[in-house]
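Below is one structure, written out as structure tokens; comments come after it.
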Amino acid sequence: MLYAIMCEFVEDCAEKRLVARPAHLERLNVLKNEGRLVLAGPHPAIDSEDPGPAGFSGSLIVAEFSTLEAAKTWATEDPYATAGIYSRVVVKPFNKVLP
């Protein structure tokens with residue numbers, strides 16, 4: 001089943017994100033290579049594709065996991081989570097309708 005992993009970032013985490021980003025992307029690429037990743041990306045802090053110094057306020061990952069608990073465990077073990085970048089993480093089942 002698909003799950004949405006919705007994450008909010010702590011304030012002023014740009015430097016921490018840059019350090020943890022390669023490991024974070026590596027985990028996402030594992031999901032992608034397994035055919036389980038639907039989408040992943042950050043939320044710009046302002047209404048712009050390139051928020052510049054405003055940075056990002058959080059992120060969204062939609063991926064396939066065997067159970068809700070498996071999705072929550074995956075989110076908890078993400079390098080952004082272990083680096084203290086997430087202030088809040090919500091994991092919910094997700095039904096893809098379109099496209």
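Quick rundown of the values:
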| read-out | value |
| --- | --- |
| Of all residues making up segment 78-99, the number that are assigned to a loop (DSSP other than H, G, I, E, B) and open to solvent by less than 60 Å² (accessible area, probe 1.4 Å) | 4 |
| Every residue from segment 1-32 that is open to solvent by less than 70 Å² (accessible area, probe 1.4 Å) and under 15 Å from Lys72 (Cα atoms) | Leu2, Tyr3, Ala4, Ile5, Cys7, Arg27, Leu28, Leu31 |
| Residue within segment 67-77 that is surrounded by 17 or more Cβ atoms within 10 Å (Cβ to Cβ), in a helix (DSSP H, G or I), at pLDDT 95 or above and in contact with a helix residue (DSSP H, G or I) (Cβ under 7 Å, 6 or more places away or on another chain) present | yes |
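The values are calculated or read from the model by the stated rules, or taken from the named source; none is laboratory data. Remember, predicted model here, so these are calculated numbers, not experimental data. Every residue, glycine among them, receives a Cβ derived from its backbone with ideal geometry; neighbour counts consider all protein chains shown. Each accessible area value is taken on the protein alone, full model and side chains, heavy atoms only, with ligands, DNA and RNA left out. Shrake-Rupley method; radii C 1.70, N 1.55, O 1.52, S 1.80 Å.
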